[in-house]
1. Using r as the Cβ-Cβ distance of A:Leu66 and B:Val58, and R0 as 25 Å, what FRET efficiency do you calculate, to the nearest 0.05?
2. Once you place label points 7 Å from the Cα toward the Cβ at B:Ala541 and A:Ser138, how far apart are they in nm?
3. To the nearest 20 debye, what is the magnitude of the charge dipole of the protein assembly as shown about its Cα centre, counting +1 on the Cβ of each Lys and Arg and -1 on the Cβ of each Asp and Glu?
4. Using +1 at the Cβ of each Lys and Arg and -1 at the Cβ of each Asp and Glu in chain B, identify which of B:Gly481, B:Asn294, B:Gly271 lies farthest towards the dipole's positive end.
5. Relative to the Cα centre, what is the charge dipole magnitude of the stretch A:438-578, using +1 at the beta carbon of each Lys and Arg, -1 at the beta carbon of each Asp and Glu, and rounding to the nearest 20 debye?
6. Which of A:Phe232, A:Pro150, A:Ala357 sits closest to the plus end of the dipole of chain A, meaning its Cα is farthest towards the positive end, when Lys and Arg get +1 and Asp and Glu get -1 on the C-beta?
7. Taking each label point as 7 Å beyond Cα in the direction of the beta carbon, state the distances from B:Gly87 to the same residue in the other copies, shortest first, in nm.
8. Just the number: Rg to Rh for the stretch B:356-492, Cα atoms, Kirkwood Rh, two decimals.
There are 2 protein chains.
Amino acid sequence: MPSYAPPVRDIFFAMVEVAGLAEVAALPGCEDSAELAGPVLDEAAKLAAEVLAPLNPVGDREGCVLENGAVRTPTGFREAYARFVEGGWNGMPFDPEHGGQGLPWLLTTAVGEMWQAANMAFGLCPLLTQGTVELLSSHGSAEQKALYLPPLIEGVWTGTMNLTEPQAGSDLGALRSRAVPDGDAWKITGQKIFITHGEHDMAENIVHMVLARVPDAPAGPKGISLFIVPKFLPAADGRPGPRNDLRCVSLEHKLGIKASPTAVMSFGDGGGATGFLVGEANRGLEYMFTMMNNARLNVGLQGVAVAERAYQKARAYARERVQSRAPGTPGPATIIHHADVRRMLMTMKAETEAARALALLAARHLDVAKRHPDEAIRAHAQRQVDLLIPVVKAWCSEVGMATADTAIQVHGGMGFIEETGVAQHLRDARITAIYEGTNGIQAADLVGRKLLRDKGFAAREALASMRSDVQRAERDLPEIGARLAEGVAALEAATAWLLANAERDPHLPGAASTPYLRLFGTVAGGWMTTRAALAARAGAADDRFLAAKLVTARFYADHLLPRAGGYLAAVTAGPQAVMALAEDDF
Amino acid sequence: MPSYAPPVRDIFFAMVEVAGLAEVAALPGCEDSAELAGPVLDEAAKLAAEVLAPLNPVGDREGCVLENGAVRTPTGFREAYARFVEGGWNGMPFDPEHGGQGLPWLLTTAVGEMWQAANMAFGLCPLLTQGTVELLSSHGSAEQKALYLPPLIEGVWTGTMNLTEPQAGSDLGALRSRAVPDGDAWKITGQKIFITHGEHDMAENIVHMVLARVPDAPAGPKGISLFIVPKFLPAADGRPGPRNDLRCVSLEHKLGIKASPTAVMSFGDGGGATGFLVGEANRGLEYMFTMMNNARLNVGLQGVAVAERAYQKARAYARERVQSRAPGTPGPATIIHHADVRRMLMTMKAETEAARALALLAARHLDVAKRHPDEAIRAHAQRQVDLLIPVVKAWCSEVGMATADTAIQVHGGMGFIEETGVAQHLRDARITAIYEGTNGIQAADLVGRKLLRDKGFAAREALASMRSDVQRAERDLPEIGARLAEGVAALEAATAWLLANAERDPHLPGAASTPYLRLFGTVAGGWMTTRAALAARAGAADDRFLAAKLVTARFYADHLLPRAGGYLAAVTAGPQAVMALAEDDF
């Protein structure tokens, strides 16, 4: 029994039938993606299952070690990363001009699930590189692109994001790192924390993207600039040259993702690290936003990935562990025969499939927003991306944590023993609700920026899409359709209530934001499983894979969608009880 | 800022105003408990805060070490345990005839929260001893009581429960350890796993309570006998004598409670460990049930305890961490000013107080069931104990896990760093949903044994108690009363539905059991916060402690009670979608 069997058919089904691969394949430059999808998924599945997945417990056990300023990754990680680079996996979505493969985000995201499921700590490294590539592609000079993009896209160099400082977490406007001009370059000084893969031994160079303030910059978020600060300064031929004045001071001792070094980075201890300004000064935070949607999508995807892997582990244990007689069994039975274990497995399966489809739907909208020839269609897709991303990030990460937690429970006492391996998934998953903007920040973004700012325009578009599937379901799958209709009605009611009442009290949006996001995710998840069921109903009647989609959608509708009412009540309860206590009364 | 400040006033308030200390103080033998409660809580709070709480991170970091068959507990644990024994804390609830203090369970439980909050891994040891004392008090011979009870009650000896074997977890009927007669004693052979504090260095002797089969015992659960198997065989004078043939083979490497050694125990490698039969042969499982209610209450209490400690840690961080401006603040503010952080803190506070009161209510019923002079009142209280215990165990442990998880979230990135200390609470809490019968087993017990077996008699009694408080609330606190009425109505509907439909399908009770338990816990929790609010309303109007109880009840009513509808829907959805997939279709 392999530790992770990539669910290639499930992923492919969600791409084709729920997210809409055909629509993506109709976009300019994506013509071959429908044909490529199957073979690419199969090839990625091999690397994920055979190379990355077996290293997952190794990485958790060994962690990373900092010695004399160098970070040693766990046994096997260097070799695995070399295989990953060799396969060209790092460059999937990027511009062929700089060595990328120009594939759609839908396919990159589908493949990405397998990297994250196989080895989330490993998978983080290419995600950071991806962010670096996006930043430079959008805002770098021609010279910067020519110098940095090819090795980053190939993956022989990796990238990092240096945002957080001890006093500046969610509030980046408070950061203090400094940049002073030095000829054509800048001298950077400051300390950054929580730098994922800030130092490691898997690449020949590390390109740090660093936020810092230039002299006389305005206070707050509008005085922050973005710099390229490479570990080794590239020589004219593009090869890594002299060592820059930056170093890894320490590594964090974390709950999970232990194979991913989380560094405290110090810049300029020797007088100033050499940095290169990206774009214009004081626009650094604005630039960061250009990569935020993809980064947040990827964190949501990590939630899907951990959920899938934890589900597989629980399923395997439930099929092999014998305890007690179950109704209909003559003697002691494997625990999968017990209804409460079934309930856990069905919950895991249904939420994982719903979360996967939602992440892929967001990726499809990303592709349409970037590539569709019709500007109005691009704009619509971009609105849906912007609306869905906080939901994908936060709701899918919560699905990942809940599913990993349930997987422990299915294992009973063995779940608490580290050697069993299932506890790692919960420990790893726990970070996804925190980094790349905590889930509370996502909820604030959803309600403040995505719902209230456009007065519900994008939300009404999303609700209209849901409604059209509700109608199909009410006709073809009435039990499911009825439950989905109730869920969508709850989301509509919460949306309308927020739009009508948000200005009543300055704390109202904040108090309602998390229940609203959970309501949105829960209902959108039911929408996804319903779409899957509608497609499955149209397929071969004797295909058990398709028949299972109908059962899963029914389970979601009966057992999970009814949570919507509780969230709606919490939204419309308003902020009174939330804010009534004085600080000292807690 | 101490790491744990025992919430003495909260605990006392819940004892007096919600659980009913006066009713307990009216019981024979409990006359002084109302007077004693305050001073005893204060004294326990000192030991918990000053001695046990500071050792909590030490224990997590160092864990226990097995060397040459001996287990070394973490630095400071031996000394702390000696202080605990010196203070007489081990003997609180036990018979004064054998050195106990004869105090009610209500007070023992209230004090127990502080031990478990201060140091859950430490607190486990006395819990196991307590179970041993109960078993021997109920089923031991006069000679066994005279020999074992005094040192166990004093705490200089500790006890363990040796139930689980690798093939026999939830299904104890499957166990294989053997006992053969040997003069007046028995020779025990077999291997046991998951033995909490199975070997350690804090006591001069360890009394193992071991389940094993005698020759020709019937197969299954009715062929299991209970034996006393001491680490050192007591000499005639009661002092520990020769070493018995048993040993700790290994310690588990666990997700949490690392300072509590979880041993694999081997009995009889040298030919047979000497054991002494308790009561009659083949009645061991039945005897185990006599201590199960207290043991399960204590695990629920651990959930309350971890919740309280995690809440305190999150509250402290929210008061000191500055990030971003909040509505109404001129500049960057401590995060407690942000509504979403408030929502998290209020959820933690409300659920913790609800869970505490529910655990104390169960303890009060225990006292009444044991001591009330009127047999009918004793029987009623015992029915309420039996009904509430699975809810307290499972729901309060889920509150503990959820609260610890939310506490991490309040800490943002710092929550993921082990040195912060908050992640330990989640890792520790995770076991409470598993041991002493998984929460799935609790749900099966609630629906199968406690609801369906008596055709809803005890449940209707509990609902009648809730209804009477609903009426008071509808009169005096109408907003809260209206929500509680909806919650109680949902619980009534689910109860009636289960009673009417349970026999329709053999999988129906199992499929409905966990949502039913969560519904019960959620509604009972709202009942508890409402009782607290009704009492607070009658108190001094300018007492902010009391005013906060009203706000907390309102928050629970508005934000948490509405979850009831989702659980009701899941109960009444029936088992179809839960059981529809074939095993291979997962």
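Taken together, the values in this text are just the output of simple stated rules run on the coordinates, not laboratory data. Computed from a prediction, not measured in an experiment: that's the story for all the values here. Heads up, the Cβs are rebuilt from the backbone with ideal geometry, glycines too, and the neighbour counts pull from every protein chain shown.
1. So, using R0 = 25 Å, E works out to roughly 0.55.
2. Between B:Ala541 and A:Ser138, the simple spin-label model gives 5.7 nm.
3. The calculated dipole for the protein assembly as shown is roughly 1000 debye.
4. Farthest along the dipole direction, towards plus: B:Gly481.
5. Details: 17 positive and 14 negative charges, 31 e Å.
In total the dipole reaches around 140 debye.
6. After comparing all options, I get A:Ala357.
7. Output for B:Gly87: 5.6 nm, nearest copy listed first.
8. On the way: Rg = 18.3 Å, Rh = 17.2 Å.
Radius of gyration relative to Kirkwood radius: 1.07.
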